[in-house]
Amino acid sequence: MRFAKRLDAVPPYLFAELERKIAEKRREGVDVISLGIGDPDLPTPRAVVDALAEGAADPHTHQYPTNHGSDEFREAAAGFYRERFSVALDAASEVVPALGGKEAVGHIAFALLDPGDVCLSPDPGYPPYTSGPVFAGAQVHYLPLMAENGFLPDLESIPSEVLARANLLFLDYPNNPTGAVVEEGYFARAVELARVNDLVVVHDNAYSELCFDGYRAPSFLETPGAKEVGVEIFSLSKGWNMTGWRSGLVAGNAEVVERYRQLKTNLDSGMFEAVQRATVVALTEAREFPREMSAVYERRRDLVAEALAAVGLHVEPPKATPYFWVPVPEGHTSASFSELVLEQAGVVVSPGPAYGPSGEGFFRISLTVPDERLEEAVQRIESSLQSVIIQA
């Protein structure tokens with residue numbers, strides 16, 4: 001058989017590889033605790049589940065949905081943006097459903113990039129920021145996220161010849177995998193860069209509702225001029241514990257929203273109407289649920305921060321996201337340390353380079369496991385690795 005070469009242009013998807021390693025260890029009889037995958041362990045809000053059940057029982061939802069999304073879905077999204085971010089969206093033209101953030105990231109690359117174009121992608125970053133452009137035949141220009149820059153891309157350092165060929169800039173704050181938050185004025189600089197260079201900014205807003213210590217993350221669309229140059233992908237996966245539901249939206253520039261919708265009419269048949277109805281409930285009746293999840297993750301964050309400090313790994317606790325981005329101990333690579341943690345403690349963490357070349361020297365910990373398993377994981381790390389790490 002002969003297969004398309006585009007699949008060989010990207011490495012195996014990070015989380016598929018982590019799942020393989022976990023399954024292998026469990027077959028060996030190891031009680032593995034995975035802190036590698038950001039999949040919430042707690043259930044979706046009851047009101048959202050009830051709305052899905054009621055919707056699925058309604059025969060009117062059993063036919064093809066519209067790719068535009070229902071009026072109720074788009075109006076609920078616009079209402080959420082208005083009340084949460086003080087952003088005015090035209091529900092008729094500036095909002096469209098997405099089958100989760102991952103789908104939106106991948107497909108919007110096809111809507112914006114031709115072969116030979118350049119995509120500006122954060123490094124380290126969510127893997128589809130790279131795979132989506134590569135599958136579209138475009139080239140990826142990495143924007144390194146360095147600790148000394150607050151894990152923000154240095155927009156001023158992008159070469160002019162790269163900007164001349166670029167048509168898409170991905171950003172995501174609060175950031176995965178680093179947990180960094182955007183500094184005031186940064187989005188304004190991104191808007192100006194896009195305006196001057198005829199770029200489209202796509203801000204992947206998956207974590208704005210999971211914040212700690214009183215921090216409230218902004219939307220890119222709050223920035224003056226943002227809708228003129230870009231869109232925001234908003235996902236309900238993490239804030240409402242809806243990873244399996246594949247519920248999200250693309251909002252902002254009407255032309256980009258429409259071109260994305262046109263692409264999807266040729267690739268999928270829209271979001272199941274019952275899921276749209278449940279999403280409406282999430283964005284209205286269950287709007288405050290992410291605050292409850294933020295309290296859970298803040299407690300877990302503090303637990304992990306103490307455990308990391310106990311073994312000599314000091315890291316600034318994140319203000320948002322359920323992730324820690326941790327430097328590896330001296331003498332280790334990301335891969336060697338991740339392997340050490342798995343072999344010595346039976347705990348899986350994500351090696352930094354899985355998110356891009358600049359991830360070398362770091363690993364990511366996810367807080368999306370039950371409290372008792374998280375406590376056991378950090379205890380294992382402390383007892384198994386304390387002498388190894390401190391001596392290193």
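The values are calculated or read from the model by the stated rules, or taken from the named source; none is laboratory data. This structure is a prediction, so every number in the text was calculated from the model and none was measured. Reconstructed Cβ throughout: ideal geometry from the backbone, glycine too, with neighbour counts over all protein chains shown. For the accessible areas, the whole protein counts, side chains as well, though only heavy atoms, and no ligand, DNA or RNA atoms are used. Shrake-Rupley method; radii C 1.70, N 1.55, O 1.52, S 1.80 Å.
If you check G69, G132, which single one turns out to be more than 26 Å from L155 (Cβ to Cβ), buried (at least 22 other Cβ atoms within 10 Å of the Cβ), touching a helix residue (DSSP H, G or I) at 6+ places or on another chain (Cβ under 8 Å) and not hydroxyl-bearing (S, T, Y)? Full working, then the answer.
Details: G132 fails: more than 26 Å from L155 (Cβ to Cβ).
So the residue among G69, G132 that is more than 26 Å from L155 (Cβ to Cβ), buried (at least 22 other Cβ atoms within 10 Å of the Cβ), touching a helix residue (DSSP H, G or I) at 6+ places or on another chain (Cβ under 8 Å) and not hydroxyl-bearing (S, T, Y) is G69.
Kindly indicate which of V328, V341, V304 is of a type in the set (A, V, I, L, M, F, W, C), farther than 24 Å from E183 by Cβ and out of contact with any Phe, Trp or Tyr (no Cβ under 7 Å at 6 or more places or on another chain).
Working: V328 fails: out of contact with any Phe, Trp or Tyr (no Cβ under 7 Å at 6 or more places or on another chain); V304 fails: out of contact with any Phe, Trp or Tyr (no Cβ under 7 Å at 6 or more places or on another chain).
Selected residue: V341, the only one of V328, V341, V304 that is of a type in the set (A, V, I, L, M, F, W, C), farther than 24 Å from E183 by Cβ and out of contact with any Phe, Trp or Tyr (no Cβ under 7 Å at 6 or more places or on another chain).
I need the full set of residues from region 145-158 which are outside any helix (DSSP H, G or I) and open to solvent by less than 60 Å² (accessible area, probe 1.4 Å), in order please.
Restricting attention to region 145-158, the residues satisfying the condition of being outside any helix (DSSP H, G or I) are 145-146, 150-154, 158.
Those that are outside any helix (DSSP H, G or I) and open to solvent by less than 60 Å² (accessible area, probe 1.4 Å): L145, G150, F151, L152, P153, I158.
For region 168-194, enumerate the residues that are closer than 15 Å to N149 by Cα and open to solvent by 50 Å² or more (accessible area, probe 1.4 Å).
Those that are closer than 15 Å to N149 by Cα and open to solvent by 50 Å² or more (accessible area, probe 1.4 Å): E183, E184, R189.
Specify the residue that is nearest to G361 (Cα to Cα); the eligible residues are those in region 305-349 that are in contact with an Asp or Glu (Cβ under 8 Å, 6 or more places away or on another chain) and small (G, A, S).
By that ranking, first place goes to S334.
Is it fair to say N197 is open to solvent by 10 Å² or more (accessible area, probe 1.4 Å) and modelled with pLDDT of 95 or more? Before you say what the answer is, go through the steps one by one.
On the way: open to solvent by 10 Å² or more (accessible area, probe 1.4 Å): yes; modelled with pLDDT of 95 or more: yes.
Taking the combined requirement at face value, the residue satisfies it.
Residues to consider are V341, V304, V281; find the one that is in a helix (DSSP H, G or I), modelled with pLDDT of 95 or more and either open to solvent by less than 20 Å² (accessible area, probe 1.4 Å) or touching a helix residue (DSSP H, G or I) at 6+ places or on another chain (Cβ under 7 Å) (or both).
On the way: V341 fails: modelled with pLDDT of 95 or more; V304 fails: modelled with pLDDT of 95 or more.
After ruling out the rest, the residue left standing is V281.
Does any residue in region 359-380 that is within 15 Å of D41 (Cα to Cα) come within less than 6 Å, Cβ to Cβ, of a residue that is assigned to a helix (DSSP H, G or I) and among the basic types (K, R) six or more places away or on a different chain, and which pairs are these?
L367/R300; L374/R300
Look through V162, V96 and report the one residue that is among the aliphatic types (A, V, I, L, M), more than 12 Å from V202 (Cβ to Cβ) and assigned to a helix (DSSP H, G or I). Lay out the reasoning, then the answer.
Working: V96 fails: assigned to a helix (DSSP H, G or I).
After applying the criteria, what remains is V162.
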